[in-house]
Amino acid sequence: MIAAEDIMFTCEDIRQFYYCKRIVYYRYVLKARVQPTYKMKKGQDKHSEYVSREDLQGKNLFKGIRLESQELGLRGEIDLVQIDANDAKIIELKHGKVKKRNMFDSHKAQLAAQAMLIEKVMGLKVKSIEVLDIVNNSRNEIRITEYHREMVSKALNEMRKIVLEEIFPDPPENRGKCIDCEYRRFCYGDLSDI
């Protein structure tokens, strides 16, 4: 039997939880393996290409920082972190149009999880989070509030419950999300009802 303190989720799991709680069930209870969708693969390729650029160098800029906190039950890889004395700035790379008003709270919760990891593991204060649209090279500063940090804590508690009690969650209210989901075949079989 797995203990609650042994479960380690990723920052990306936080975002997925708010997209569809079933994803947590498939990943951690059924341990289902899936192939990335076309959109996911395209985004991953653009992301890898961008991160490998040589102009992303600097004495205070760090790429691909992997952090883990047993206390939070959270781990993650942060695209770029700029460090200045006791402060840190997260730079999150996204593929596609990113505007402050269009960013879902689920994405902000993922960024809040990253900030919580930096603060817990590195002892730095996250002063700002910038989202960089790697297609258009546009930048937007995102404000993370206590509400988003609470979203992370709530998600981690609910996710642990799903895993420990093997709870199969209801599908999302917006079934349009299911069309591009990598787990849709587990939910719908032949896909005729979406």
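The values are calculated or read from the model by the stated rules, or taken from the named source; none is laboratory data. What you see is a predicted model, and the numbers here were worked out from it, not measured in a lab. Reconstructed Cβ throughout: ideal geometry from the backbone, glycine too, with neighbour counts over all protein chains shown.
List of remarks:
Yes/no matrix, rows are residues, columns are (1) at pLDDT below 80; (2) in contact with a strand residue (DSSP E or B) (Cβ under 9 Å, 6 or more places away or on another chain); (3) exposed (fewer than 14 other Cβ atoms within 10 Å of the Cβ):
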{"site": "Lys94", "(1), (2), (3)": "no, yes, no"}
{"site": "Met122", "(1), (2), (3)": "no, yes, no"}
{"site": "Ser128", "(1), (2), (3)": "no, yes, no"}
{"site": "Ile142", "(1), (2), (3)": "no, yes, no"}
{"site": "Pro172", "(1), (2), (3)": "no, no, no"}
{"site": "Arg184", "(1), (2), (3)": "no, no, no"}
{"site": "Asp190", "(1), (2), (3)": "yes, no, yes"}
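- Of the criteria (1) assigned to a helix (DSSP H, G or I); (2) at pLDDT below 85, which one Asn136 fails: (1)
- Some residue of segment 139-148 being touching a His at 6+ places or on another chain (Cβ under 9 Å), of a type in the set (Val, Ile, Thr) and farther than 27 Å from Glu5 by Cα: yes
- Segment 1-52, subset modelled with pLDDT of 70 or more and hydroxyl-bearing (Ser, Thr, Tyr), residue nearest to Arg184 (Cα to Cα): Tyr26
- Restricting attention to segment 96-120, the residues that are in contact with a Leu (Cβ under 9 Å, 6 or more places away or on another chain) and modelled with pLDDT of 95 or more add up to 6.
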